[in-house]
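Shown next, in structure tokens, is the structure this report addresses.
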Amino acid sequence: MNEAVDGIGSGFDFVVGEIGGDGGADIAFAETAVLKWFYGPGRCIGGEAGFVVARDSEEEIAEGALFVKQQIAFYGSTPAYRPVLELHGWGALQEELNAMTKRGEWEHIGELIDDEILRTFAVIGTPEEAFAELERRYGDIATRITLSLPPERDEQRWAALFDSLRLGAPS
């Protein structure tokens with residue numbers, strides 16, 4: 001088992017834990033159904049595991065969710081990602097988001113992302129909840145997961161969460 005740790009500063013530390021196998025796909029705007037369709041269940045891939053908000057307080061989680069809604073809207077506004085939205089019956093949303101970006105309404109595109117869309121593309125919750133959901137969604141398809149960690153964190157707690165994810169049983 002290999003492990004790589006890379007930090008880019010300013011509190012946006014990215015940790016990549018190699019669980020095994022090959023691959024390297026960025027999966028920020030894909031969710032489990034798309035990944036399993038593309039790669040097949042049990043196939044080893046790696047990369048970013050969509051959008052993850054793993055924080056302790058409700059306020060931090062809410063702030064993270066608003067940010068992620070903006071990110072989902074940005075990706076969703078791109079015509080190349082329409083098939084991902086169509087998989088869920090949200091194809092028309094792509095046109096609406098794209099039109100908003102062309103009108104310069106960037107600050108409002110996240111308002112079109114409801115909680116169902118948010119939870120389809122994002123893992124949201126406390127660190128323990130988020131890691132359990134990461135295992136459920138990506139445990140049989142991802143070999144590597146990239147997360148942005150909070151700058152102020154309990155290193156032992158996070159290490160235990162990463163260890164449990166590597167073993168396939170989040171705490």
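The values are calculated or read from the model by the stated rules, or taken from the named source; none is laboratory data. Every value quoted in this text rests on a predicted model; they were computed, and no experiment measured them. FYI the Cβ positions are ideal-geometry reconstructions off the backbone, even for glycines, and counts take in every protein chain you see.
Quick check: anything in the range 109-132 at pLDDT below 90, out of contact with any strand residue (DSSP E or B) (no Cβ under 8 Å at 6 or more places or on another chain) and of a type in the set (Lys, Arg)? No; the residues of the range 109-132 include none that is at pLDDT below 90, out of contact with any strand residue (DSSP E or B) (no Cβ under 8 Å at 6 or more places or on another chain) and of a type in the set (Lys, Arg). For the range 102-130, a residue qualifies if it is free of Cβ contacts under 8 Å to residues at least 12 places away in the same chain and not in a helix (DSSP H, G or I), and the qualifying residues are 103, 104, 105, 114.
What's the total number of residues in the range 131-146 that are part of a strand (DSSP E or B) and surrounded by fewer than 21 Cβ atoms within 10 Å (Cβ to Cβ)? Spell out how you get there, then give the answer.
As a first pass, look at the range 131-146 and keep what is part of a strand (DSSP E or B): 142-146.
Now restrict to residues that are surrounded by fewer than 21 Cβ atoms within 10 Å (Cβ to Cβ): 143, 146.
Of the residues in the range 131-146, 2 are part of a strand (DSSP E or B) and surrounded by fewer than 21 Cβ atoms within 10 Å (Cβ to Cβ).
Just one of the listed residues (92, 62) is modelled with pLDDT of 90 or more, farther than 20 Å from residue 123 by Cα, part of a helix (DSSP H, G or I) and over 14 Å from the mean Cα position of the chain (by Cα), namely 92.
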